[in-house]
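Report on one structure; see the data block that follows.
The values are calculated or read from the model by the stated rules, or taken from the named source; none is laboratory data. Source: prediction; values computed, not measured. Cβ sites come from the backbone with ideal geometry, for glycine too, and all protein chains shown count toward neighbours. For accessibility, only protein heavy atoms count, side chains too; no ligands or nucleic acids. Shrake-Rupley method; radii C 1.70, N 1.55, O 1.52, S 1.80 Å.
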Amino acid sequence: MTTFVTPNGKEIQIYRDKVSAQYKIQFTSGGELPEELTGIFTNETFATTAINKYLEKQETKKAKADAKE
């Protein structure tokens, strides 16, 4: 399983659904996923791309928030 970390330190993980054999994304500590990370992915590459886009957006938001302080 591949693991990613958000700018706030939450871990995101790609896993294979046992029922459908498709890929899904989850926070390892639990919690509700943002819209862009929900659903199923046909392969790990598509899931990784979705996570990378999400993380890029989060890093941009964090950088803007830090710049205001």
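Just checking, does region 54-66 include any residue being at negative phi, β-branched (Val, Ile, Thr), without any contact (Cβ under 8 Å) to a residue 60 or more places away in the chain and in a loop (DSSP other than H, G, I, E, B)? Before the answer, list the steps.
Keep residues of region 54-66 that are at negative phi, which gives 54-66.
Applying the additional criterion that residues be β-branched (Val, Ile, Thr) yields 60.
Now restrict to residues that are without any contact (Cβ under 8 Å) to a residue 60 or more places away in the chain: 60.
Restricting the remaining residues to those that are in a loop (DSSP other than H, G, I, E, B) gives none.
The answer is no, given that none of the residues of region 54-66 is at negative phi, β-branched (Val, Ile, Thr), without any contact (Cβ under 8 Å) to a residue 60 or more places away in the chain and in a loop (DSSP other than H, G, I, E, B).
I want to confirm something. Restricting to region 21-31 and keeping residues that are in a loop (DSSP other than H, G, I, E, B) and closer than 18 Å to residue 5 by Cβ, which single residue is least open to solvent (accessible area, probe 1.4 Å)? Spell out the reasoning first.
Applying the first criterion (in a loop (DSSP other than H, G, I, E, B)) to region 21-31 yields 21-22, 28-31.
Restricting the remaining residues to those that are closer than 18 Å to residue 5 by Cβ gives 28-31.
Working: 28: 64, 29: 90, 30: 34, 31: 61 Å².
Here the answer is 30.
Can you tell me which residue is farthest from residue 44 (Cα to Cα) among those in region 1-20 that are touching a helix residue (DSSP H, G or I) at 6+ places or on another chain (Cβ under 7 Å) and outside any strand (DSSP E or B)?
Step one: of region 1-20, the residues touching a helix residue (DSSP H, G or I) at 6+ places or on another chain (Cβ under 7 Å) are 2, 4, 6-7, 12, 14.
Now drop any that are not outside any strand (DSSP E or B), which leaves 2, 6-7.
Working: 2: 9, 6: 18, 7: 22 Å.
Ranking the qualifying residues of region 1-20, first place goes to 7.
Find the residue count for region 37-69, including only residues that are under 15 Å from the mean Cα position of the chain (by Cα) and open to solvent by 100 Å² or more (accessible area, probe 1.4 Å).
Of the residues in region 37-69, 5 are under 15 Å from the mean Cα position of the chain (by Cα) and open to solvent by 100 Å² or more (accessible area, probe 1.4 Å).
Considering only residues that are among the polar types (S, T, N, Q) and at pLDDT 95 or above, look in region 1-27 and name the one that is farthest from residue 66 (Cα to Cα). Write out each step before concluding.
Taking region 1-27 and keeping what is among the polar types (S, T, N, Q), we get 2-3, 6, 8, 13, 20, 22, 26.
Within this subset, residues satisfying the condition of being at pLDDT 95 or above are 13, 22, 26.
Numbers: 13: 26, 22: 37, 26: 27 Å.
Filtering first and then ranking leaves 22.
Considering only residues that are in contact with a Phe, Trp or Tyr (Cβ under 9 Å, 6 or more places away or on another chain) and open to solvent by 70 Å² or more (accessible area, probe 1.4 Å), which ones fall in region 6-20?
As a first pass, look at region 6-20 and keep what is in contact with a Phe, Trp or Tyr (Cβ under 9 Å, 6 or more places away or on another chain): 6, 10-17.
Within region 6-20, 10, 11, 16 qualify.
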